[in-house]
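Visitor: Got a structure for you, written out below as structure tokens; questions coming shortly.
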Amino acid sequence: MKGHSERLRQALEQRAGRVGVIGLGYVGLPLAVAFGKTGFSVLGVDVDRERVARLKAGESPVEDVGSDDLATLVAAGRLSITTETGALTTADAIIICVPTPLGKSREPDISYIVAAADAVATVLRPGQLVVLESTTYPGTTEEVLLPRFKARGFTVGEEFFLAFSPERIDPGNKRFDLRAIPKLVGGVTPACSELTRVLYGQIVDRVVPVSGPQTAEMVKLFENIFRSVNIALVNELAIMCRRLGLSVWEVIEAASTKPFGFMPFYPGPGIGGHCIPSDPHYLSWRTRLMGYEPKFIAFADEINRQMPTYVVQMVTEALNDRAKAVRGAKILALGVAYKAGVGDVRDSPALEILEALLVRGAQVSYVDPHVPRLKIGDHQLMSVSWQSANLASRDLVLILTNHPEFDMKRVAAEAPLVVDTRNATGSLGPRSNIIRL
Ligand SMILES: NC(=O)c1ccc[n+]([C@@H]2O[C@H](COP(=O)([O-])OP(=O)(O)OC[C@H]3O[C@@H](n4cnc5c(N)ncnc54)[C@H](O)[C@@H]3O)[C@@H](O)[C@H]2O)c1
């Protein structure tokens, strides 16, 4: 009994074990590379054949993972990449990092987790640790994964080990990399927690155990809801400040000088990415089943989701003040990714804003060094290069993502009219051609 746990602990501590990662996207790939760099033999599994081919060729599609690092690990045989989940039988620890999107009615779509859990159930053998990292509703690990694994006839905490450990990475964030972000761990049993702590202790500076998987699942959702609610608060503050003729950016800056009890969040054209717009609904759905309808989550979501419409209205008014219509206006969007420094356009507010402008007859183009192509409705757009973008010839330049590649002095000097939803031009002070959120 004790044998499995002890053997696994030793293998993990000595980095002699094999780590399997299911889902090699924004979360799974950096994790696989981190374990590989630490000395583990890593097996990465992804169902996307095209992605697997690219990864095998040492091409990283994720900004935070350098192609050089990836190629070195692949060439050294320390990171094997495959579409075959069967190979996971050789892994000592298996980490699941698959997507958790929303369904059509904003209900959790855990079909990827179910598929991954079914795949793991078929290869599970005594002595393995399985960790779920995908963000999901409280109860998933014990209600969806555990029964599938128990059905193999193994005892959790003795023969196999199971935990939830949410990913908290912030793609593009150079200040807090994977190692610097404390890792939460909630095991089904104390032995599960302990082994998961040992596993992650090899790649992060600090592991924080909590009482169980449900708590760990809830903490992750709370973190994302905290962001959603606070972003909604400043988005509404921005709308109120504009009505009052105040700069929301100045208000936030000044409030930030308070050394306690305040934390700055910033308004923008809307929320995007795989997490903030979706994850809070996982909790709403869960508590609704138990007879409680959450209020903050719905309210924050409503405010955040109206921001793209608000930005379209700002653009319309800015053009109108110059006796121009949206129809026929040449509008250049700067940035379409949901945040600076990344090429992820999932749920990016830029999609909704540009679509609304196209529907109104604007001639829309965009510059995004991280997003070479963009499909909006029936329109296929290609990014204009930043160097050759003719800013002076546009009726309006719309700043949606403050990528570090953009030179805002150039924007302010060349563009006749700018709508800046990110305060990217803030340091340049008031300018007659710039309208800020
Ligand atoms: N992107 C982020 O910043 C971030 C941060 C923290 C947490 N998360 C959470 O982590 C999870 C993964 O997010 P992501 O952004 O890495 O998603 P992603 O779409 O970038 O990557 C997921 C990968 O999983 C693969 N996949 C899907 N089903 C599979 C299966 N059955 N077997 C093998 N591979 C499979 C997909 O092909 C894809 O490559 C989600 O739950 C997300 O909410 C994401």
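The values are calculated or read from the model by the stated rules, or taken from the named source; none is laboratory data. Keep in mind the model is a prediction, meaning the values are calculated, not measured. Here the Cβ is made from the backbone with ideal geometry for all residues, glycine too, and neighbour counts use every protein chain on show. Side chains are part of the model used for accessible areas, which takes the heavy atoms of the whole protein and leaves out ligands, DNA and RNA. Shrake-Rupley method; radii C 1.70, N 1.55, O 1.52, S 1.80 Å.
Visitor: Take the range 81-93 and flag every residue that is farther than 9 Å from LEU43 by Cβ, not polar (S, T, N, Q) and not in a loop (DSSP other than H, G, I, E, B). Please lay out each step first, then the result.
Guide: Going through the range 81-93, the residues farther than 9 Å from LEU43 by Cβ turn out to be 83-86, 89, 92-93.
Going one step further and asking which of them are not polar (S, T, N, Q), we end up with 84, 86, 92-93.
Residues satisfying the conditions are GLY86, ALA93.
Visitor: Is there a residue being in contact (Cβ under 8 Å) with a residue 12 or more places away in the chain, within 12 Å of the ligand (Cβ to nearest atom) and not in a loop (DSSP other than H, G, I, E, B) anywhere in the range 2-12?
Guide: No, the conditions are met nowhere in the range 2-12.
Visitor: Sticking with this one: Got a number for residues in the range 81-124 being crowded, with 19+ Cβ neighbours inside 10 Å and without any contact (Cβ under 8 Å) to a residue 60 or more places away in the chain?
Guide: Qualifying residue count for the region: 5.
Visitor: Let me ask something else about it. Which of the strands (runs of 3 or more DSSP E) found entirely inside the range 148-246 contain at least 2 residues meeting this: of a type in the set (S, T, N, Q)?
Guide: Numbers: elements: 161-164, 183-187, 207-209.
Hits in the range 148-246: none.
Visitor: Let me ask something else about it. Restricting the range 354-373 to residues that are under 22 Å from TYR310 (Cα atoms) and in a strand (DSSP E or B), which is most open to solvent (accessible area, probe 1.4 Å)?
Guide: Per the stated criteria, the residue is GLN363.
Visitor: Could I ask something else about it? Taking the condition of being touching a Gly at 6+ places or on another chain (Cβ under 9 Å) and crowded, with 19+ Cβ neighbours inside 10 Å, how many residues in the range 219-233 meet it?
Guide: Of the residues in the range 219-233, the ones touching a Gly at 6+ places or on another chain (Cβ under 9 Å) are 219, 231.
Filter once more, keeping what is crowded, with 19+ Cβ neighbours inside 10 Å: 231.
Residues meeting the conditions: 1.
Visitor: Which residues, taken from the range 37-59, are part of a loop (DSSP other than H, G, I, E, B), away from the ligand (no atom under 12 Å from the Cβ) and open to solvent by less than 40 Å² (accessible area, probe 1.4 Å)? I'd like the intermediate steps shown before the answer.
Guide: Taking the range 37-59 first, the residues part of a loop (DSSP other than H, G, I, E, B) are 39-40, 46-48, 57-59.
Right, trim to away from the ligand (no atom under 12 Å from the Cβ) and you get 39-40, 57-59.
Passing the criteria: GLY39, PHE40, GLY58.
Visitor: Out of the range 172-195, which residues are of a type outside the set (A, V, I, L, M, F, W, C), in contact with a Lys or Arg (Cβ under 9 Å, 6 or more places away or on another chain), under 30 Å from GLU158 (Cα atoms) and in contact (Cβ under 8 Å) with a residue 60 or more places away in the chain?
Guide: Result: GLU194, single match.
Visitor: Checking the condition within 11 Å of the ligand (Cβ to nearest atom) and out of contact with any Lys or Arg (no Cβ under 7 Å at 6 or more places or on another chain), which residue from LEU29, LEU79, LEU70 passes?
Guide: Working: LEU79 fails: within 11 Å of the ligand (Cβ to nearest atom); LEU70 fails: within 11 Å of the ligand (Cβ to nearest atom).
Among LEU29, LEU79, LEU70, only LEU29 is within 11 Å of the ligand (Cβ to nearest atom) and out of contact with any Lys or Arg (no Cβ under 7 Å at 6 or more places or on another chain).
Visitor: Right, next: Go through ARG422, ARG394 for me and flag whichever is over 25 Å from the mean Cα position of the chain (by Cα), open to solvent by 30 Å² or more (accessible area, probe 1.4 Å) and at pLDDT 95 or above.
Guide: Step by step, each of ARG422, ARG394 is checked, and only ARG394 is over 25 Å from the mean Cα position of the chain (by Cα), open to solvent by 30 Å² or more (accessible area, probe 1.4 Å) and at pLDDT 95 or above.
Visitor: Would you check which residues across the range 278-323 are part of a helix (DSSP H, G or I), open to solvent by 20 Å² or more (accessible area, probe 1.4 Å) and among the aromatic types (Phe, Trp, Tyr) and list them?
Guide: Passing the criteria: TRP285, PHE296, PHE299, TYR310.
Visitor: Out of ASN423, ASN390, report the one residue that is outside any helix (DSSP H, G or I), more than 19 Å from CYS241 (Cβ to Cβ) and of a type in the set (S, T, N, Q).
Guide: ASN390
Visitor: Follow-up question, since we're still on this one. Six or more apart or on different chains, Cβ atoms under 9 Å: show the pairs whose first residue is in the range 394-414 and under 24 Å from VAL326 (Cα atoms) and assigned to a loop (DSSP other than H, G, I, E, B) and whose second is basic (Lys, Arg) and open to solvent by less than 60 Å² (accessible area, probe 1.4 Å).
Guide: What qualifies is THR401/LYS339; ASN402/LYS339.
Visitor: Continuing with the same structure: Can you pull out every residue in the range 116-138 that is under 12 Å from GLY20 (Cβ atoms) and within 9 Å of the ligand (Cβ to nearest atom)?
Guide: ALA116, ALA119
Visitor: Quick test of your reading of the structure: PHE260 fulfils all but one of (1) outside any helix (DSSP H, G or I); (2) in contact with a Lys or Arg (Cβ under 8 Å, 6 or more places away or on another chain). Name the failing condition by number.
Guide: Here PHE260 meets the rest and fails (2).
Visitor: I'm checking my understanding of the structure. Among residues of the range 139-170 that are open to solvent by 10 Å² or more (accessible area, probe 1.4 Å) and within 15 Å of the ligand (Cβ to nearest atom), which one is farthest from GLU6 (Cα to Cα)?
Guide: Filtering the range 139-170 for residues open to solvent by 10 Å² or more (accessible area, probe 1.4 Å) gives 142-144, 146-148, 150-159, 167-170.
Filter again for within 15 Å of the ligand (Cβ to nearest atom), leaving 144, 148, 167-170.
Values: VAL144: 27, ARG148: 24, GLU167: 26, ARG168: 29, ILE169: 30, ASP170: 34 Å.
The selected residue is ASP170.
Let's see how each residue does on (1) among the small types (Gly, Ala, Ser); (2) crowded, with 18+ Cβ neighbours inside 10 Å:
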position	(1), (2)
ILE181	no, no
THR189	no, no
CYS192	no, yes
GLY201	yes, no
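Visitor: Suppose we filter ARG327, ARG322 for residues that are touching a residue at least 12 places away in the same chain (Cβ under 8 Å), touching a Gly at 6+ places or on another chain (Cβ under 7 Å) and of a type in the set (D, E, K, R); which single one remains?
Guide: On the way: ARG322 fails: touching a Gly at 6+ places or on another chain (Cβ under 7 Å).
The match here is ARG327.
Visitor: Which residues, counting only those in the range 145-179, are of a type in the set (A, V, I, L, M, F, W, C), at pLDDT 95 or above and closer than 26 Å to ALA34 by Cβ?
Guide: Let us first name the residues in the range 145-179 that are of a type in the set (A, V, I, L, M, F, W, C), namely 145-146, 149, 151, 154, 156, 160-164, 169, 176, 178.
From what is left, the residues that are at pLDDT 95 or above are 145-146, 149, 151, 154, 156, 160-164.
Answer for the range 145-179, where residues must be of a type in the set (A, V, I, L, M, F, W, C), at pLDDT 95 or above and closer than 26 Å to ALA34 by Cβ: LEU145, PHE149, PHE160, PHE161, LEU162, ALA163, PHE164.
Visitor: Please go through the range 89-115 and give me each residue that is under 20 Å from the mean Cα position of the chain (by Cα) and either within 9 Å of the ligand (Cβ to nearest atom) or closer than 19 Å to VAL21 by Cβ (or both), ordered by number.
Guide: Result: ILE95, ILE96, CYS97, VAL98, PRO99, THR100, PRO101, ILE110, SER111, TYR112, ILE113.
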